[in-house]
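Colleague: Dropping a structure here in structure tokens format, bear with me for questions.
Just so it is clear, none of the values below were taken in a lab; they were calculated from the coordinates. All figures in this text were calculated on a predicted structure; none of them were measured in a lab. Cβ: placed from backbone, ideal geometry, glycine included. Neighbour counts: every protein chain shown.
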Amino acid sequence: MPNEIVLSADRIVKTYTVGKRTVEAVKEISFDVFKNEIFALLGPNGSGKTSTIKMLLGLTLPNAGCINMLGFQIPKDVNKVLGHTGAILEGARNLYWHMSVMENVYYFANIKGKEVAQVKEPMELWAEKLNMANNLNMPVGRLSRGMQQKAALICCLAMNPSILILDEPLLGLDVMTMFEMEDAIRELKKYTTVILSSHNLRFVERVADRLAILKEGSLIAMGPINELKKSISLFQFRLTLQKREANWGYLQDIESMHSKGVKVKVTEVDDYTDIVELTLSQPELIFDIMSTLKEYNAVPIEISTLGESFEEVFLSLIERGEQLEACV
Ligand SMILES: Nc1ncnc2c1ncn2[C@@H]1O[C@H](COP(=O)(O)OP(=O)(O)OP(=O)(O)O)[C@@H](O)[C@H]1O
């Protein structure tokens, strides 16, 4: 069935009381997650991602709103979905360190009411994919941090979860392990639905089908990355400039156009040549840039357009930031 909804959060709210202060961590956000997609939660520090994930897992109670997961109400029916969900929170590797990876898998299978025969095959499959086949008999405490992270993932995946929740799955991993994790996560959607949070925008851009961007507890954008890119309409150019000695002040004037929607980054190639990268909120702003350059006798000898980078789109969405009435 196309776009079968496996999780639905409806106007969920989370507030914490700290002394006399109330922190509104999540402010009435709603979203659906579809079967076999990778859905990413993004946002700056403190925007409410972990609070949202904890509510989905029934680890903290929403103050208002409701969550439906696989047909059950969370947190009321959380025990009924436990056998169908897996989670790794903020790089935590919640395994028993004195037991081997395999013993951990069988131990958690037992807790979830599963037979060894049910979990053996997926355990071996994911151990193979994650280059961990030779480490299944190693005590977890003797594995490197990256391997422990992979062991935690194998342990979750061996249970064949219908929904897998990963909070910062790349936290603390080296580059090689990050790529292995990324490949595994990309492949995961053949088997399950993944909800993840990450600060690594390039990783999210590469793996996520859809994403939700949070800012200060509010949902400010949601949709596939390409849709978000279209909605923000940034125009990016790269100019190679030949400067004249007397007139090097062009940069200050361009920087002062920030409030109009101009962002500028300059790399000095040599004393007489600059490479200038411009991000414009309106394409017409290029005329203002050209007038300024003319005034300073800085001559563009090469102009090219740049594809919008997801980082720029993300930053623009965060800067623009008001809560969306209707998400894409
Ligand atoms: N247990 C708690 N008690 C009080 N305040 C909390 C608690 N947990 C989170 N907060 C506050 O709620 C807000 C949202 O925090 P949360 O951890 O959900 O954000 P986040 O987007 O996951 O942040 P990060 O990217 O830094 O992990 C922050 O202001 C945080 O200080």
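Colleague: Please identify the GluC sites (Glu not before Pro) of the range 218-281 that satisfy two criteria: DSSP loop assignment and at most 14 other Cβ atoms within 10 Å. Which are they? Please list the in-between numbers first.
Modeller: On the way: sites: Glu227, Glu245, Glu255, Glu268, Glu277; in loops: Glu245.
Counting only loop positions with at most 14 other Cβ atoms within 10 Å, the GluC sites (Glu not before Pro) in the range 218-281 are Glu245.
Colleague: Take the cross-link list Lys20/Lys76; Lys129/Lys190; Lys54/Lys129; Lys230/Lys260 and give me the ones stretching past 25 Å between alpha-carbons. Intermediate values should be presented prior to the final figure.
Modeller: On the way: Lys20/Lys76 29 Å; Lys129/Lys190 14 Å; Lys54/Lys129 28 Å; Lys230/Lys260 20 Å.
In this structure, Lys20/Lys76; Lys54/Lys129 exceed 25 Å between Cα atoms.
Colleague: Among all the aspartates and glutamates, which ones have a C-alpha under 18 Å from Lys294's C-alpha, if same-chain residues fewer than 8 places away are not counted?
Modeller: Straight-distance partners of Lys294: Glu245, Asp253, Glu255, Asp274, Glu277, Glu284, Glu302.
Colleague: If you fit an axis through the alpha-carbon atoms of helix 116-129 and take the longest principal axis of the Cα set of the chain, what angle between them do you get, 0 to 90°, nearest 10?
Modeller: Between helix and principal axis, roughly 30 degrees.
Colleague: Can you tell me the 0 to 90 degree angle between the C-alpha axis of helix 285-295 and the longest principal axis of the chain, rounded to 10?
Modeller: 40
Colleague: A further question on this structure: Starting from the range 1-108, pick out the trypsin sites (Lys or Arg not before Pro) whose DSSP state is loop and whose Cβ has at most 13 other Cβ atoms within 10 Å. Could you put the intermediate results ahead of the total?
Modeller: Details: sites: Arg11, Lys14, Lys20, Arg21, Lys27, Lys35, Lys49, Lys54, Lys76, Lys80, Arg93; in loops: Lys20, Lys35, Lys76, Arg93.
Listed in order of number, the matching sites are Lys20, Lys76.
Colleague: For Leu82 and Glu227 in the same chain, what is the full-extension length gain: residue separation times 0.36 nm, less their Cα-Cα distance, in nm?
Modeller: Working: separation 145, 0.36 × 145 = 52.20 nm, distance 3.35 nm.
The Leu82-Glu227 span can extend by a further 48.9 nm.
Colleague: For the pair Ser291/Lys112, report the inter-label distance in nm, with labels modelled 7 Å from Cα in the Cβ direction.
Modeller: Distance between label points: 6.4 nm.
Colleague: With the crude spin-label approximation of a point 7 Å out along Cα→Cβ, what separation in nm comes out for Arg206 versus Asp271?
Modeller: 4.2
Colleague: Another question, if that's okay. Please figure out what share of the DSSP beta bridges in the range 127-270 is antiparallel and state it in percent, rounded to the nearest 5. List each step's numbers first, then the result.
Modeller: Numbers: 5 of 10 bridges.
Roughly 50 percent of the beta bridges in the range 127-270 run antiparallel, per DSSP.
Colleague: Okay, next question. Among Asn94, Asn135, Leu278, pick out the residue whose Cα is farthest towards the positive end of the charge dipole of the chain, where Lys and Arg carry +1 and Asp and Glu carry -1 on C-beta, about the Cα centre.
Modeller: In the chain, that residue is Asn94.
Colleague: Right, something else. Mind checking the range 67-122 for GluC sites (Glu not before Pro) that DSSP puts in a loop (not H, G, I, E or B) and that have at most 11 other Cβ atoms within 10 Å? Let's see the in-between values first.
Modeller: Numbers: sites: Glu90, Glu103, Glu115; in loops: Glu90, Glu115.
Passing both the DSSP loop test and the Cβ count: Glu115.
Colleague: Expressed as a rounded percentage, what relative contact order does the range 23-161 have, with Cα pairs under 8 Å and six or more residues apart? Please list the in-between numbers first.
Modeller: Numbers: 140 pairs, mean separation 32.0, N = 139.
Once normalised by length, the contact order is 23 percent.
Colleague: For the pair Asn63/Arg21, report the inter-label distance in nm, with labels modelled 7 Å from Cα in the Cβ direction.
Modeller: 1.4
Colleague: For each of Tyr106, Tyr250, count neighbouring Cβ atoms within 10 Å of the residue's Cβ, then give the residues from fewest to most.
Modeller: On the way: Tyr106 19, Tyr250 22.
Listed from fewest to most nearby Cβ atoms, that is Tyr106, Tyr250.
Colleague: Turning to a different aspect of this structure: Using just the helices of the chain, give the 222 nm mean residue ellipticity in deg cm²/dmol: DSSP H runs with n ≥ 4 each add -39,500 (n - 2.57), and the total is spread over all residues, rounded to 500.
Modeller: Values: 11 runs with 108 residues, N = 328.
Computed mean residue ellipticity for the chain: -9500 deg cm²/dmol.
Colleague: Using alpha carbons only, how many degrees (0 to 90, rounded to 10) separate the axis of helix 175-188 from the longest principal axis of the chain?
Modeller: Long axis of 175-188 versus the principal axis of the chain: about 70 degrees.
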